[in-house]
Amino acid sequence: LHIYLSTSLLLSMRMMLLLGSATNSVLRNICQCLLRFMGALLTRILDRLIWKPVYCKINGQTYKRIEKQLLFVRHAEGYHNSLFDERKVHEAINIRDPELTPLGNNQVADLRKEVDILIKSGVKIEKVIVSPMTRTLQTAWGTFGGHNIPFQACHLVSEYCDAPCNYGTRRSQLEPQWQQVDFSIVPEVWWNEDETDVTITLRAKRFREWLFKQPEKCLAIVSHAGFLHELLQEQFRNCELKRINWIHRSRRQARGH
């Protein structure tokens, strides 16, 4: 592959020299077509080199190294957030599966502009992973909808389930409202009202393992402050986006390696 890449680069350079000295219009057109072909070929080769899994040794064990480009988003302001800001804690925690506030919808509109610029700049988001909570579904669709990107609901990225505001809605009720979202991996009752610090830590681990089994290399994950902090040890404001490249190393099981 390295020899092939070097040969392709050499041929491209020769074509550019020939194109610069060519006076015949037919010859120039041929050179331009060949350059375009070589450029496309080099792009495919480099893409395979970048995304090909790399095997490395750590403490005598062989691991597979996979890198993913991830866009993490916390949902925009929900009605429970606004009540918390007003110090109406009792009312806030007892709103079940709250929707976005008008301010939250404005935050989504602003984030969509940011995402539109990213996509136009060449960022190719292959899938949106979204918590099945209403506020995350609204944020995800308002931000990424209309870009021909598939949406996958995933209960593993839902919020720390410590109050009714973090209790979900049954899958059978969500699916008719969100027909553009794939709920195939979400159970009918997918939230755990007995969540603890231990179970959310295990859930974050399960999500990491699940994520790196997915074939897509660039994904957006729309989730919640508590879960994102558990997963990334990062604080997120409402409707904040952070781009993070994740490198995953998994133990290689194949014989002879």
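Where a number appears in this text, it was derived from the coordinates with a stated rule and is not lab data. Quick caveat, the model's predicted, so the values are computed rather than measured. Note that each Cβ is placed from the backbone with ideal geometry, even for glycine, and that neighbours are counted across all protein chains shown.
Using 7 Å Cα-to-Cβ label points, what is the His147/Arg87 separation (nm, one decimal)?
Going from the His147 label point to the Arg87 one covers 4.0 nm.
Spin-label point model (7 Å from Cα, Cβ direction): what's the Ser184 to Ile117 distance in nm?
3.6
Could you go through the stretch 117-125 in sequence order and give the Karplus-derived ³J(HN,Hα) for each residue, using 6.51 cos²θ - 1.76 cosθ + 1.60 with θ = phi - 60°, rounded to whole Hz, and x for Gly and Pro?
These are the phi-based 3J(HN,Hα) values: 5, 4, 5, 5, 7, x, 6, 9, 6 Hz.
If R0 is 22 Å, what FRET efficiency do you get for Leu103 and Glu234 from their C-beta distance, rounded to 0.05?
Efficiency, from the Cβ-Cβ distance: 0.45.
Enumerate the amide H contacts of Gly78 below 5 Å, restricted to partners 5 or more residues apart or on another chain; note that Pro and chain-start residues carry no placed amide H.
Amide H neighbours of Gly78, under 5 Å, 5+ apart: Thr101.
How far is it, in nm, from the label point at Arg206 to the one at His248 when both lie 7 Å from their Cα along the line to the Cβ?
1.6
Here are some pairs, Lys113/Lys213; Lys120/Lys217; Lys127/Lys213; Lys124/Lys242; which of them have Cα atoms lying more than 22 Å apart in this structure?
With Cα atoms farther than 22 Å apart: Lys113/Lys213.
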